[in-house]
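The values are calculated or read from the model by the stated rules, or taken from the named source; none is laboratory data. As the structure is a prediction and not an experimental result, all values here were calculated from the model. Positions of Cβ are backbone-derived with ideal geometry, glycine not excepted, and every protein chain shown enters the neighbour counts. To get the accessible areas, we keep the full protein, side chains included, count just its heavy atoms, and leave off ligands, DNA and RNA. Shrake-Rupley method; radii C 1.70, N 1.55, O 1.52, S 1.80 Å.
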Amino acid sequence: MKVTRALFDDVMAPNYNPAAMIPVRGEGSRVWDQEGIEYVDFAGGIAVNSLGHCHPAMVAALNEQGSKLWHLSNVFTNEPALRLAKKLTEMTFAERVYFANSGAEANEAALKLARRWALEHHGESKNQIIAFKQGFHGRTFFTVTVGGQPAYSDGFGPKPAAVDHAVYNDLDSLKALISDNTCAVMLEPLQGEGGIISPTNEFIQGVRELCNQHNALLIFDEVQSGVGRTGELYAYMGLGVTPDILTTAKALGGGFPIGAMLTTKDIAASLKVGTHGSTYGGNPLACAVAEAVLDVINSKEVLDGVKHKEQLFRDGLNAINAKYHVFSEIRGKGLLLGAALNDKYLGRSRDFLVAAVAEHLMCLVAGANVVRFAPSLIISDEDIKEGLARFERAVAKVVQG
Ligand SMILES: Cc1ncc(COP(=O)(O)O)c(C=O)c1O
């Protein structure tokens, strides 16, 4: 059967609008399409391909587990899941782990746990969840409601109740909403989809203090910022603020679907037998791959490398901007970077993305005003240089109209 982009429109639900080319193979930070055209990958599958494509450690883990045991369900536990959970507890503040299959599911578990914990310890009235405008937490109905983008959550009928939104980096707006009826405050410690927005120190510390004052749980959604992306294993480690619950997915599996919710022993106690679950959560294949990914990423070499590569991106993007004057700022941390478009190009991030693909570069947008880069954490300096050269050509084309 000949597979073409046109087939997408014939057989797929129309909720995505993928590029015209169809990638068929990847190695490191290079990808080839059906015609054999080679692309530099600065998109990383939206911050997922943390070790690039087909990293030998991932391939080996998948092959080894693939010939041993694929699936059991949670009626039985398995060795890769327990090994991975043990490592996650050793590497973070957490003492307990719940495995899911995606970021949204990890967040769904976090929100349900927070509600259950509050009900058990403080009664029915402590049910308010506060999140932040422009936040993104996934597409299940609970998580999309907690996310602060009405364009994604409206139009599906009545929403889960008791969810409010404050303004990111504005403590007063949180103060105005929070009370002893707040069960949890949820945020991304670096907003991704919302435009690559870093929290200020004052804000993130203030949020922690307000949660303490009102006995509310602090949930960090590190689905995009986690697993080395910012140059720390988790972004909270660089902020000096520890959450009560942390969610992780994307880069954790390096391309194999997995998500996890991490928390303390005391809070996890509210997730009693039967309260929540997933057929696939903790699947041995996913956990074996994630263990291999984590082993590679949680090293000084890789994490320091992220900081070095961030600088190469910043220098390259600033040099492009000095020539073409298209960005107001380069922001973000580590290898989650955003080039914010200046007034002249507002609303046109997609034009840059389309121009980049035409120059054989894969990148991302974060809303209409930001071009986003979330490449492999071990992308070579050479690939960064080549990708930036292609991006410069794309920028030149947009500028020349
Ligand atoms: C911060 C954050 N949370 C949650 C999600 C949802 O993850 P998934 O698409 O795996 O459900 C995303 C996805 O972009 C995200 O960036």
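Taking the criterion of being open to solvent by 10 Å² or more (accessible area, probe 1.4 Å), over 20 Å from the mean Cα position of the chain (by Cα) and either within 16 Å of the ligand (Cβ to nearest atom) or among the hydrophobic types (A, V, I, L, M, F, W, C) (or both), would at least one residue in the range 252-265 satisfy it? I'd like the intermediate steps shown before the answer.
In the first step, residues of the range 252-265 are kept if they are open to solvent by 10 Å² or more (accessible area, probe 1.4 Å); the result is 255-257, 264-265.
Imposing the further condition that a residue be over 20 Å from the mean Cα position of the chain (by Cα) reduces the set to 264-265.
Keeping just the survivors that are either within 16 Å of the ligand (Cβ to nearest atom) or among the hydrophobic types (A, V, I, L, M, F, W, C) (or both) gives none.
No, that holds for no residue.
If we keep just the residues of the range 63-86 that are of a type in the set (D, E, K, R) and more than 17 Å from residue 260 (Cβ to Cβ), which is most open to solvent (accessible area, probe 1.4 Å)? Before the answer, list the steps.
Keep residues of the range 63-86 that are of a type in the set (D, E, K, R), which gives 64, 68, 79, 83, 86.
Next cut, more than 17 Å from residue 260 (Cβ to Cβ) only: 64, 68.
Values: 64: 108, 68: 136 Å².
Taking the candidates together, the pick is 68.
List the pairs whose first member sits in the range 37-51 and is closer than 13 Å to residue 297 by Cβ and surrounded by fewer than 24 Cβ atoms within 10 Å (Cβ to Cβ), whose second member is of a type outside the set (A, V, I, L, M) and modelled with pLDDT under 95, and whose Cβ atoms are under 7 Å apart, counting only residues at least 6 apart or on separate chains?
Partner pairs satisfying both residue conditions: none exist.
Can you report the number of residues in the range 263-285 which are in a loop (DSSP other than H, G, I, E, B) and more than 30 Å from residue 63 (Cα to Cα)?
Residues in the range 263-285 being in a loop (DSSP other than H, G, I, E, B) and more than 30 Å from residue 63 (Cα to Cα): 9 in total.
Quick one: is residue 89 more than 16 Å from the ligand (Cβ to nearest atom), in contact (Cβ under 8 Å) with a residue 60 or more places away in the chain, among the β-branched types (Val, Ile, Thr) and open to solvent by less than 40 Å² (accessible area, probe 1.4 Å)? Working first, answer last.
Values: more than 16 Å from the ligand (Cβ to nearest atom): yes; in contact (Cβ under 8 Å) with a residue 60 or more places away in the chain: yes; among the β-branched types (Val, Ile, Thr): yes; open to solvent by less than 40 Å² (accessible area, probe 1.4 Å): yes.
Here the answer is yes, as residue 89 does meet what is asked.
Quick one: count up the residues across the range 365-387 that are open to solvent by 20 Å² or more (accessible area, probe 1.4 Å) and among the aliphatic types (A, V, I, L, M).
3
Since residue 210 meets every condition but one in (1) in contact with a strand residue (DSSP E or B) (Cβ under 8 Å, 6 or more places away or on another chain); (2) open to solvent by 20 Å² or more (accessible area, probe 1.4 Å); (3) away from the ligand (no atom under 16 Å from the Cβ); (4) more than 24 Å from residue 372 (Cα to Cα), which condition does it not meet?
Here residue 210 meets the rest and fails (2).
Out of curiosity, is residue 108 free of Cβ contacts under 8 Å to residues at least 40 places away in the same chain and either within 16 Å of the ligand (Cβ to nearest atom) or surrounded by 18 or more Cβ atoms within 10 Å (Cβ to Cβ) (or both)?
Details: free of Cβ contacts under 8 Å to residues at least 40 places away in the same chain: yes; either within 16 Å of the ligand (Cβ to nearest atom) or surrounded by 18 or more Cβ atoms within 10 Å (Cβ to Cβ) (or both): yes.
Criteria met by residue 108.
Would you confirm, using the coordinates I've provided, whether residue 127 is in contact (Cβ under 8 Å) with a residue 12 or more places away in the chain, polar (S, T, N, Q), in contact with a Leu (Cβ under 9 Å, 6 or more places away or on another chain) and surrounded by 15 or more Cβ atoms within 10 Å (Cβ to Cβ)?
Details: in contact (Cβ under 8 Å) with a residue 12 or more places away in the chain: yes; polar (S, T, N, Q): yes; in contact with a Leu (Cβ under 9 Å, 6 or more places away or on another chain): yes; surrounded by 15 or more Cβ atoms within 10 Å (Cβ to Cβ): yes.
In short, yes.
Pick from the range 177-207 the residues that are more than 16 Å from the ligand (Cβ to nearest atom) and acidic (Asp, Glu): which of them is least open to solvent (accessible area, probe 1.4 Å)?
That would be 180.
Let's see how each residue does on (1) at pLDDT 95 or above; (2) under 22 Å from residue 364 (Cβ atoms); (3) out of contact with any strand residue (DSSP E or B) (no Cβ under 8 Å at 6 or more places or on another chain):
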{"site": "110", "(1), (2), (3)": "yes, no, no"}
{"site": "137", "(1), (2), (3)": "yes, yes, no"}
{"site": "154", "(1), (2), (3)": "yes, no, yes"}
{"site": "166", "(1), (2), (3)": "yes, no, no"}
{"site": "185", "(1), (2), (3)": "yes, no, no"}
{"site": "201", "(1), (2), (3)": "yes, no, yes"}
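Give the range 229-250 a look and list any residue that's of a type outside the set (Phe, Trp, Tyr) and either within 15 Å of the ligand (Cβ to nearest atom) or within 11 Å of the chain's Cα centre (by Cα) (or both), or say none. Outline the logic, then answer.
Just the residues of the range 229-250 that are of a type outside the set (Phe, Trp, Tyr), to begin with: 229-233, 235, 237-250.
Listed by number, the residues that qualify are 229, 230, 235, 243, 245, 246, 247, 248, 249, 250.
Can you name the strands (runs of 3 or more DSSP E) wholly within the range 12-83 that have at least 1 residues being modelled with pLDDT of 95 or more and among the basic types (Lys, Arg)? Walk me through how you get there before you give the answer.
Numbers: elements: 23-27, 30-33, 38-41.
Where strands (runs of 3 or more DSSP E) fall fully within the range 12-83 and carry at least 1 residues being modelled with pLDDT of 95 or more and among the basic types (Lys, Arg), they are 23-27, 30-33.
Exactly one of these conditions fails for residue 29: (1) surrounded by 14 or more Cβ atoms within 10 Å (Cβ to Cβ); (2) without any contact (Cβ under 8 Å) to a residue 24 or more places away in the chain; (3) hydroxyl-bearing (Ser, Thr, Tyr). Give me its number.
(2)
Which residues, counting only those in the range 132-163, are within 12 Å of the ligand (Cβ to nearest atom), at positive phi and either of a type outside the set (S, T, N, Q) or open to solvent by less than 70 Å² (accessible area, probe 1.4 Å) (or both)?
Passing the criteria: only 138.
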